[in-house]
Every structure is written in C-alpha cells, then in structure tokens.
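K.L.:
Questions regarding the structure given below will be posed in turn.
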Amino acid sequence: MIDRTIEPMLLAAVLSVAAGCANLGQPSNGGELLPLVNTKATDVAGQIGTTEGFGGNLMTGYMAHVGSGMGFVTIDDLADPDGVVTIRLVNQTAQNATFHLAYFAGRLGLDDQLSDIAVPADSETTREIPCSEIVGLGDLYMPGAMGCHLEDGDEVGNTFAVPMFFGLDFACGDTISFTLTADADDLDQDGDIDELILLSDGFLMHLEDGGPTGHHHGGGGGMMGMHWGL
C-alpha cells in the first residue's frame, strides 16, 4: 500500500505561511475555512450528472435536485475533527486490485488526501479515515479518471464512483462503500456487460426513489442533511 496522506501538522504550517494573515484554522475556531470547503464541495458536485460527468446521464438532474441546499452553511456543518468514517472497498473480480482512495477534510488542508489500498481478488477490506467533507476514488475533479487498477495493469475509471458528501450521503461513524464489479446492467450503455466499473454508495443511493429528482433530503446539517427517500 502506498499512502500519500500529508501529515496534518506539516500541512497546516505550510498553509499558515502561504496564507499570510488569513486564518484557515480548524472548524472549531471558525476562521476562513468554511467558504473554502464550501467552494470545493460545490465545484466537485458540479461534476456530477452531466453527460461526461460522474454518474453520466443516470445522474441527470443532480444539481437541480440539490439546488440552493448544496454546500456547507455554517462551521457546525463541517465534519467533526474527532470523527472517523470507515471505507469499505469491495473487489468482485478474479484479480487483485488497488483502489485509489481520495478524500477531502478541510481541517487537514486544502489538498485531497490520497491513499492507495490493495484489495485481493474476490474479497473486501476496510480502512478507517478521518471524517471528511468529500470522499471518492481517483481525481475528485475528473470524472473518468483512474479509480483503481488491476494487477495486470488495466485501469478502471471512477465515472460511477460518484463522490459522496458529508451530511448528504454519510455521517461521521458511518461505513461507506466502493465496489469494483462487472457492468452487468450496462450503466454506460455501450453494450459491454463484461467490462469493469466502480460503484459508490452515493451513486446507488441517488438512483433510488425515482432517481436524483424523485426524492428529497432532510432539512438539517451540511449538504441539506442526511438523505431521506420518499
């Protein structure tokens, strides 16, 4: 496993120098962290639901659905600095695979935290990470980027590993999953049901209850509160 997570204290020091008088700080002391995290979240969410975006046409209407509720409103909406989230990585193939986990926790700095996690063939593994505002695979800004690779060198894109957001898709203490599997339902509509894809719980959840525009969300917390299907 190659873990590229940046040491929080070192990164905080670098940010302090780079920001001059700006206080990017921890969520507990306010500062200027909130608008930066909010901008990051809305930018990533903007990559969901377009033809070439995360989830493709199946997520059409995602941004219209979340509407003005998208984003983090107050410091209290951000992930708990003392919280954790368990990531469940499922490999349903006959080859060993390496998942490229990416998560964004504003209190750890303004860069994504990256970790490569090996998962043996036909098995699963879990990894505990700090509770974060955004969790995905591969480049959070780049739908179709490599989300994992197999031992034979083949790469699998992150298109259907739709990024998940704290408050909208999960809470601190939750377990959220990414699954490497065959595209049996031909989600990308290319006629190939044997090709491999990556699925996130967020993608599967937003397909429920009539799709992105067929259900609503709760009214509290960051990112509109937790998902509530009708």
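The values are calculated or read from the model by the stated rules, or taken from the named source; none is laboratory data. Owing to the predicted nature of the structure, the values given are computational and were not obtained by experimental measurement. Note that each Cβ is placed from the backbone with ideal geometry, even for glycine, and that neighbours are counted across all protein chains shown.
K.L.:
Could you list, in sequence order, all residues of the stretch 76-114 that are over 21 Å from residue 157 (Cβ atoms) and more than 14 Å from the chain's Cα centre (by Cα)?
P.N.:
Passing the criteria: 76, 77, 78, 80, 81, 82, 83, 84, 107, 108, 109, 110.
K.L.:
Sort out for me the strands (runs of 3 or more DSSP E) sitting completely within the stretch 115-169 that have 1 or more residues that are touching a residue at least 24 places away in the same chain (Cβ under 8 Å) and within 11 Å of the chain's Cα centre (by Cα).
P.N.:
Counting at least 1 such residues, we get 134-137.
K.L.:
Here's a follow-up. If residue 134 satisfies every condition in (1) within 19 Å of residue 77 (Cα to Cα); (2) modelled with pLDDT under 95; (3) of a type outside the set (Lys, Arg); (4) surrounded by 17 or more Cβ atoms within 10 Å (Cβ to Cβ) but one, which is the exception?
P.N.:
Here residue 134 meets the rest and fails (2).
K.L.:
Find the helices (runs of 4 or more DSSP H) located wholly in the stretch 1-94 whose residues include 2 or more that are at pLDDT 90 or above, and list them.
P.N.:
Per the criteria, 33-45.
K.L.:
Identify the residue in the stretch 170-208 that is of a type in the set (Gly, Ala, Ser) and touching a residue at least 60 places away in the same chain (Cβ under 8 Å) and, among all such residues, is surrounded by the most Cβ atoms within 10 Å (Cβ to Cβ).
P.N.:
200
K.L.:
If you go through the stretch 152-202 one residue at a time, how many are at pLDDT below 95 and small (Gly, Ala, Ser)?
P.N.:
The number of residues fulfilling the criteria is 4.
K.L.:
Return yes when residue 179 is assigned to a strand (DSSP E or B), closer than 25 Å to residue 63 by Cα and of a type outside the set (A, V, I, L, M) and no when it is not.
P.N.:
Yes.
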